[in-house]
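A short worksheet on the structure shown next.
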Amino acid sequence: MAKALIVGEIHNQELAATTLESIAAAQILEASSIAVIIAGYDIESIAEHAIFAGADHVYTVSEGPAADGEFDDLVNAAYKVAIEIKPDFVLGSKTITGRDVMPRLAFRLGTILVTDCMSLERDDARRICATRPTYGGNVNAKVACLGEPTVLSLRPKSFEVNDSDRSRKGEIQEVVFDSNIRTRVIKKIEEQSEGISLQDAKTVIAGGRGLGGPEAFSKLHDLALVLGGAVGASRAACDAGWVPSSYQVGLTGKTVTPDLYIAIGISGASQHMAGCSNSKTLVAINKDEGANIFKEARFGVKGDWEKVLPAFIEQLHELID
Amino acid sequence: MTLHIVVTAKQVVDPETPASAFVIEDKKVAISANFSPVINGYDEQAVEAALRIKEAVGDARITVLSCGPSFALDVIKKPLAMGADDLILLQDPNFENSIDPTLVIKALAIAIKKIGDVDLVISGRQASDWDNALVPIGIAEFLDWPLATIARKIDVEGTKVTVERVLPDGYEIVETSTPAVITVSNELGNPRYPNMRGIMGARRIQPTIWDTNELELAGEAVDIAMELVSLEKPTKLVQTEIIEGEDEADSGRKLALRLREERVI
C-alpha cells in the first residue's frame with residue numbers, strides 16, 4: 001500500500017500535462033491511492049479532471065498568494081497536506097515552479113529531492129529507483145531512493161499519460177494553511193518568441209554557434225514558416241545574445257519533443273541533446289563532419305548551412321505548395 | 001554597514017570535456033585524459049553577480065565559500081582574482097562529491113552561520129556535475145532564509161533585494177529582504193576575466209580552512225536520501241543516414257525529398 005502525493009500544476013486554466021505525467025508515474029510506482037494538490041482560481045473542473053485522470057483526493061487552494069502562484073505558499077500548502085496524509089512518496093515536475101517548490105518541500109519534510117527523473121521503477125527490495133541525467137547529460141545515474149517520504153521531480157515529457165476515465169470518483173477538499181510570503185512577485189514581463197510556442201510545435205528548427213551570428217536566425221524563421229514550426233536555439237546562441245533566452249533548448253532550457261527537429265550549426269553537446277533527444281525525427285545540418293550531432297541524428301547533411309538551406313527550402317516549397 | 005555577500009563555488013570537472021573522455025569506474029565519473037577542473041560555470045556567474053552588487057552599493061565584502069575533499073588552489077582562487085575579498089574552504093575527506101549533497105548543505109549552512117554577519121548568499125543555479133540544483137535551496141531551508149531562484153539580475157537597496165527571475169517566456173521581478181539566498185542562471189551574462197592585478201592580489205590571499213571538527217560536524221550521522229546504484233553513458237540507438245548530393249545545395253534538395261519519402265514532412 002503506497003500513498004502518493006502529487007504537487008500539481010495548472011497551465012492555461014487546464015491541468016498541466018506534467019501533472020498528468022506525474023499521475024502516470026505514481027501508477028508505475030503502484031500507488032494504492034493518489035492525492036493531488038493544485039492551486040489557482042476557479043479550479044473545480046480542473047480538480048474533477050485530476051480525478052478522471054487517476055486522483056482519489058484533490059486538495060485545492062483556490063484563493064490567496066498560492067492561487068496567484070507564489071512559490072512560498074505553494075510550499076506551505078503542499079507541506080501542510082503532506083504532514084496530514086503522510087504519503088510514501090511525493091511527485092512533482094521539473095518545471096519552472098517545480099524547480100523551486102519541490103526541493104524546498106523535500107527539505108521541509110526532512111529529506112532531499114531526487115531531481116529530474118527520466119524513468120522510475122521498483123527494485124527487488126521494492127525500493128523506488130530513479131534514473132536521472134548528470135554531468136550535463138553525459139552520464140545517467142540510477143539511484144535508489146531512501147527518503148521517507150521519497151520526494152521526486154520528473155523530467156517533463158518522460159512519462160506517457162494514461163487515458164482519463166470520466167466515471168472515476170474522488171474527493172475534493174480545500175487546504176487550510178498559514179500563509180507566509182517572504183519572496184513576492186511584483187510583475188511578470190513576457191518576451192514572446194514569434195509564432196507557435198516552442199514546446200507545442202510539431203516541428204522545431206534550432207540554430208547554434210555554427211550559424212555565426214544573429215542574422216542567420218531570419219533564415220531559420222523562413223524555414224519554420226514553410227514547415228509551420230517554431231524556432232529554437234542552443235545555449236551558445238542564446239548566451240551570445242543572438243536570440244532571447246526563451247529560445248533555449250537543453251538541460252537548463254526547454255525540453256521539446258516535436259515530430260521533426262532540425263538542428264542547424266549545432267554541435268550536439270549533451271547539454272543541448274538533453275532538451276531534444278526525444279524528438280521523433282532529428283535532422284542535422286553542420287559543416288563540422290565530426291560533430292556529435294551526427295551520432296544522434298536520423299538524417300544528416302555535412303555541409304555549409306548557407307549553401308544547404310536555400311536549396312532545402314526551395315525544394316520544400318515545391319513539395320508542400 | 002558593509003553588505004556581506006557569500007558566494008558558494010564548487011570545483012567541478014570541466015563541462016567542456018568531450019563526452020568520450022568521461023569514464024565510469026566503480027560508481028564514479030573519472031576523466032580519462034588530462035583535463036583540469038574548473039569552477040562551476042554558474043558559480044562564476046554568482047561571483048559576477050556579487051561583484052556587480054559590490055560595484056553598485058560600494059560598501060560590500062565578498063566571501064567565497066567552497067566545500068570539498070580537496071582543492072586545486074589555482075582553480076578555486078579564481079573568484080579572488082575576479083575581485084572577491086576572502087576565501088573559506090570547507091575541506092574534509094568526508095565532504096566527498098557524492099550524488100547526495102545532504103552533508104555538504106549542512107556544512108555550508110553551518111559555515112554561513114559561523115561567519116555571522118552574512119546578508120546575502122549567491123549561488124549558481126546548479127553544478128555541472130550532478131546537476132542536482134539542490135545545495136543553495138537546501139542552505140535557504142536550513143537557515144530559514146527567503147529564497148529567489150534562477151536570477152538574471154540582482155539589485156540590493158538597504159535590506160530590500162530585487163531579483164529578475166528567468167521564466168520560460170520572459171522574466172518576473174520578485175522582491176525579498178536580507179538575509180536571503182539567491183541562485184543565478186547563465187542569462188545573467190558572462191563572468192569577467194581576472195586582470196593581472198586581480199591575479200597578483202589573489203596570490204597573496206590565504207584561504208581559511210575549516211574541517212568537520214571546526215564546523216562541529218565530526219561524526220555527525222546524516223540521512224542519505226539517494227544511494228547511487230549505477231552510472232551509465234546514455235545509449236544511442238539511432239542509425240544515422242548521411243544525405244550526399246553532388247554539391248551542398250543538391251544535398252539540401254535531396255534532404256527535402258528524403259524527408260517527404262519518409263513522410264516526415
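Coordinate-derived values only; no laboratory data. As the structure is a prediction and not an experimental result, all values here were calculated from the model. So basically every Cβ, Gly included, is an ideal-geometry build from the backbone, and we count neighbours across all protein chains shown.
Observations, loosely collected:
- Across all Cα atoms of chain B, the radius of gyration (one decimal) and Dmax (whole number) stand at 22.0, 71 Å.
- Fraction in percent of alpha-carbon pairs per bin - 5 Å, segment B:105-242: 2, 7, 12, 14, 16, 16, 13, 9, 5, 2, 2, 1, 0
- Seen against the Cα atoms of chain A and their longest principal axis, helix A:98-108 is set at about 30 degrees.
- Under conditions of 37 °C and 0.692 mPa s, chain A yields 156 µm² s⁻¹ as its translational diffusion coefficient, taking Rh as the Kirkwood radius over Cα pairs in the Stokes-Einstein equation.
- Cut-off under 5 Å, modelled amide H: who pairs with A:G300 long-range: A:A284, B:E241, B:I242, B:I243
- In segment A:241-321, the trypsin sites (Lys or Arg not before Pro) that fall in loop regions by DSSP, at most 13 other Cβ within 10 Å: A:K280
- With the Kirkwood sum run over all distinct C-alpha pairs, the protein assembly as shown has a hydrodynamic radius of 25.0 Å.
- Here is how the number arises for the protein assembly as shown: DSSP H runs of 4 or more residues each give -39500 (n - 2.57), the sum is divided by the residue count, and the result at 222 nm is -8000 deg cm²/dmol.
- Dipole of segment A:231-308, positive end: most advanced residue of A:G300, A:V243, A:N278 [Cβ charges, Cα centre]: A:N278
- For segment A:193-321, the relative contact order is 22 percent, taking Cα pairs closer than 8 Å that sit 6 or more residues apart in sequence and dividing their mean separation by the residue count.
- Karplus-derived HN-Hα couplings along segment A:267-279 (A = 6.51, B = -1.76, C = 1.60, θ = phi - 60°), whole Hz, x at Gly and Pro: 6, x, 4, 3, 3, 6, 4, 4, x, 9, 5, 8, 5
- Angle in degrees between helix A:17-28 and the longest Cα principal axis of chain A, rounded to the nearest 10: 60 degrees
- The alpha carbon centroids of segment A:127-180 and segment A:46-96 are separated by 12 Å.
- Antiparallel bridges, percent of DSSP beta bridges restricted to segment B:3-128 (to nearest 5): 30 percent
- Descending principal axes extents, segment B:31-112, alpha-carbon based, whole Å: 41, 33, 18
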